[in-house]
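Peer 1: Structure in structure tokens, see below.
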Ligand code: ADP
Ligand code: ZN
């Protein structure tokens, strides 16, 4: 019997027939499939499942003509009159409790709308895989002592195991309690002194809690730190939402402000989420949170699904109050959320590169508004979007213009690479070499940034000029040593390099351009006796290797560290007295309207690693365009000067923050098919725009990387002053399109990657 038949009957007087009534009245669940069907679907809930079907749980539903069972998310239920057309019924309920709160369900609907994503994809994205797979709980056997008489005198180890097994225990607990090894247990089993007695469910253990926080003496906050903290605590105490931007130079004590704000959040019995760019890149930040608060859930990309699930449960139960993690940690199911912090908020890794292509900053704002909690965005180089929200959008900016603890921002010298005198045989100009000598002689350490990994950036024929390309991508191969392998940085394909030029047959192929491997070689050759290490994606593939290198650098076992942008972020090494930027313009000329912004951010960030200690420091920036505003601003530590020069350019072109961009990328094995579909999309969008003058539709054109893994890529862009209007336009223009079989295409709202 459906719940509450009596009142429903009263709604329909004159219909005494129970059976008739049952058919018309009932419970309907709206479900969303993770993939395949985009539209929400309605299913009848049979009375025996009524108590268990609720929004946020998953259900088994029959789909299509074959009625194949599919797992779907229940997003809404309603009771009342059934629709006239017959409905299929829910077959089973998967979860014992909702995986998603009503708030999270609402968030997924908003995200689907905000980034033109499928609701099913969003639902999958906000739940860690380990949570979705929770039915697969491991069972482990349990052992118990049989009480049989031992034939021989048991050893001390055996006695310890038997004592521990007086009550049934799984193997790992037996070993832990007795201190014995597995061999002892198996001998006892063989001797019949120990026996297996059933099994228990073993949920994965959360990471053991860190040591109790050491009683550290906290530094006295500087006046700007005090002001920033007060600006956060005000809404925090008042239970209000507000967005605060901590615009503070590197080393100005932003992290210390986050730590104090988190401490206050905990004092209120609340939880805090702290997002950092990619956790493996910021071990120091995690360390500081662990040291201050002890029990911290660190959600990094190397966690197994089971570990992730364990954290998720601890957070949901309110047993962990500090959550530090990368982008997706914003979905941590904190029931008592009190604060959200995003460190290095300008980082592009906060935008997901695959569907759903959400930005964690916007998600954080939505959550913080709903929960009525402060959102803190910190950076030495805030995104232009963030900056302009402070100018016009009601966000509050707190400036921390000076380094704490008396250290000065380093002096920055530029080396003009166009000047023949500046050039050297390798990548290190005489001036940079002199800087390295200066720092080392003064007892300091050195960091060299080169944002290209590998040995040589390409391999070229000296006779005809042809550069060796990846066979399946529109990208030159990067030479990696040892082994002279040509690796494609687009698809990862490893190639043996040809002995002769595939174009002209000449056997005169030479490595061109410098990557971090070659730079490391040059440093070793030029500065004999220096202890040199390299840190890039190639040297940090294994878990922990990144930490090991940084720890060795901190212990001063390394004098000079060569690295990609990995070394630019969030690191605080007081003995670094020189930072060298090998080629500041490397990213300046990419086909991306944010190229200048990115360059200024990267150079500013890496320069900020220098001179954090009492002895100060220097920075040498090698560039072919020292007059470029992005470089000039970084050199004089005036990021705001760059903002002032860049904003008018963006305004003229209607680029963010003055307008919105939606990018569509079409892929196909068939170049023509991709181009044709791109053209068709442009036509559809033009029609939908109906000649609206403020809207610009560009393309289709081959994407800057026009082929990856044999797929040709074409892209188009839609620009307009208003994001909502633009999304509606794309929705209208692309709804109901029948995509040709050969073609795949994606929509990226507010793209950060334009290649
Ligand atoms: P940011 O996050 O802005 O780079 P940090 O918070 O990491 O800055 O601070 C840089 C260094 O200064 C850290 O070692 C930190 O412990 C220390 N520090 C922070 N605030 C103070 C302060 N008020 N007085 C002295 N040292 C401080
Ligand atoms: Zn490739």
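Peer 1: For the range 179-191, which residues satisfy the criterion of being in a loop (DSSP other than H, G, I, E, B) and either surrounded by 12 or more Cβ atoms within 10 Å (Cβ to Cβ) or at pLDDT 90 or above (or both)? Quick ask: steps written out before the conclusion?
Peer 2: To start, the set of residues in the range 179-191 that are in a loop (DSSP other than H, G, I, E, B) comprises 179-181, 191.
179, 180, 191 - these are the residues of the range 179-191 that are in a loop (DSSP other than H, G, I, E, B) and either surrounded by 12 or more Cβ atoms within 10 Å (Cβ to Cβ) or at pLDDT 90 or above (or both).
Peer 1: Moving on to the next point. Does the range 237-263 hold any residues that are out of contact with any helix residue (DSSP H, G or I) (no Cβ under 6 Å at 6 or more places or on another chain) and more than 10 Å from ligand 1 (Cβ to nearest atom), and which are they?
Peer 2: Once the filter is applied, which keeps residues that are out of contact with any helix residue (DSSP H, G or I) (no Cβ under 6 Å at 6 or more places or on another chain) and more than 10 Å from ligand 1 (Cβ to nearest atom), the range 237-263 yields 237, 238, 239, 240, 243, 247, 262, 263.
Peer 1: Having 3 or more residues that are within 30 Å of residue 751 (Cα to Cα), touching a strand residue (DSSP E or B) at 6+ places or on another chain (Cβ under 6 Å) and at pLDDT 90 or above is the bar; report the helices (runs of 4 or more DSSP H) wholly within the range 93-156 that clear it. Full working, then the answer.
Peer 2: Values: elements: 102-114, 119-126, 129-132.
Passing ranges, in order: 119-126.
Peer 1: Let me ask another. Just one of (1) surrounded by 14 or more Cβ atoms within 10 Å (Cβ to Cβ); (2) within 14 Å of ligand 2 (Cβ to nearest atom) trips up residue 471, so point out which.
Peer 2: (1)
Peer 1: Is it the case that some residue within the range 294-310 is out of contact with any helix residue (DSSP H, G or I) (no Cβ under 6 Å at 6 or more places or on another chain), in a helix (DSSP H, G or I) and modelled with pLDDT of 90 or more? Step through it out loud before you land on a result.
Peer 2: Kept after step one, since they are out of contact with any helix residue (DSSP H, G or I) (no Cβ under 6 Å at 6 or more places or on another chain), are these residues of the range 294-310: 294-295, 301-304, 307, 310.
Still in the list and also in a helix (DSSP H, G or I): 307, 310.
Among the residues that remain, those that are also modelled with pLDDT of 90 or more are: none.
Within the range 294-310, not a single residue is out of contact with any helix residue (DSSP H, G or I) (no Cβ under 6 Å at 6 or more places or on another chain), in a helix (DSSP H, G or I) and modelled with pLDDT of 90 or more.
Peer 1: Then there is this: Which one of 701, 694 is over 30 Å from the mean Cα position of the chain (by Cα), more than 16 Å from ligand 1 (Cβ to nearest atom) and surrounded by 13 or more Cβ atoms within 10 Å (Cβ to Cβ)? Show your work before the answer.
Peer 2: Details: 701 fails: over 30 Å from the mean Cα position of the chain (by Cα).
Among 701, 694, only 694 is over 30 Å from the mean Cα position of the chain (by Cα), more than 16 Å from ligand 1 (Cβ to nearest atom) and surrounded by 13 or more Cβ atoms within 10 Å (Cβ to Cβ).
Peer 1: Inspect the range 235-248 for any residue being away from ligand 2 (no atom under 16 Å from the Cβ), at positive phi and surrounded by fewer than 22 Cβ atoms within 10 Å (Cβ to Cβ) and give the result as yes or no. Break it down into steps so the answer makes sense when it comes.
Peer 2: If we filter the range 235-248 for residues that are away from ligand 2 (no atom under 16 Å from the Cβ), which is where we start, we get 235-248.
Imposing the further condition that a residue be at positive phi reduces the set to 239.
Next cut, surrounded by fewer than 22 Cβ atoms within 10 Å (Cβ to Cβ) only: 239.
Looking for residues that are away from ligand 2 (no atom under 16 Å from the Cβ), at positive phi and surrounded by fewer than 22 Cβ atoms within 10 Å (Cβ to Cβ), one finds at least one in the range 235-248, hence yes.
Peer 1: Quick check on residue 521: is it assigned to a loop (DSSP other than H, G, I, E, B) and surrounded by 15 or more Cβ atoms within 10 Å (Cβ to Cβ)? Reasoning before the result, please.
Peer 2: Numbers: assigned to a loop (DSSP other than H, G, I, E, B): no; surrounded by 15 or more Cβ atoms within 10 Å (Cβ to Cβ): yes.
Criteria not met by residue 521.
Peer 1: Another one. For the range 275-294, enumerate the residues that are surrounded by 23 or more Cβ atoms within 10 Å (Cβ to Cβ) and more than 12 Å from ligand 1 (Cβ to nearest atom).
Peer 2: Correct list: 275, 281.
Peer 1: Tell me, please, whether a residue that is more than 34 Å from the chain's Cα centre (by Cα) and either closer than 30 Å to residue 369 by Cβ or crowded, with 19+ Cβ neighbours inside 10 Å (or both) can be found in the range 124-132.
Peer 2: The initial filter retains those residues of the range 124-132 that are more than 34 Å from the chain's Cα centre (by Cα), namely none.
For the range 124-132, residues more than 34 Å from the chain's Cα centre (by Cα) and either closer than 30 Å to residue 369 by Cβ or crowded, with 19+ Cβ neighbours inside 10 Å (or both): absent.
Peer 1: Anything in the range 423-452 that is more than 30 Å from residue 551 (Cβ to Cβ), in contact (Cβ under 8 Å) with a residue 12 or more places away in the chain and out of contact with any helix residue (DSSP H, G or I) (no Cβ under 6 Å at 6 or more places or on another chain)? List them, or say none. Show your work before the answer.
Peer 2: Step one: filter the range 423-452 for residues more than 30 Å from residue 551 (Cβ to Cβ), giving 423-425, 429-431.
Checking which are in contact (Cβ under 8 Å) with a residue 12 or more places away in the chain leaves us with 429, 431.
The one that is more than 30 Å from residue 551 (Cβ to Cβ), in contact (Cβ under 8 Å) with a residue 12 or more places away in the chain and out of contact with any helix residue (DSSP H, G or I) (no Cβ under 6 Å at 6 or more places or on another chain): 431.
Peer 1: Next question, about the same structure. So which residues in the range 635-657 are more than 29 Å from residue 473 (Cβ to Cβ), crowded, with 18+ Cβ neighbours inside 10 Å and either without any contact (Cβ under 8 Å) to a residue 40 or more places away in the chain or within 26 Å of the chain's Cα centre (by Cα) (or both), if there are any at all?
Peer 2: Answer for the range 635-657, where residues must be more than 29 Å from residue 473 (Cβ to Cβ), crowded, with 18+ Cβ neighbours inside 10 Å and either without any contact (Cβ under 8 Å) to a residue 40 or more places away in the chain or within 26 Å of the chain's Cα centre (by Cα) (or both): 639, 643, 657.
The values are calculated or read from the model by the stated rules, or taken from the named source; none is laboratory data. Computed from a predicted structure; not experimentally measured. Virtual Cβ from ideal backbone geometry, glycine too; neighbours counted across all protein chains shown.
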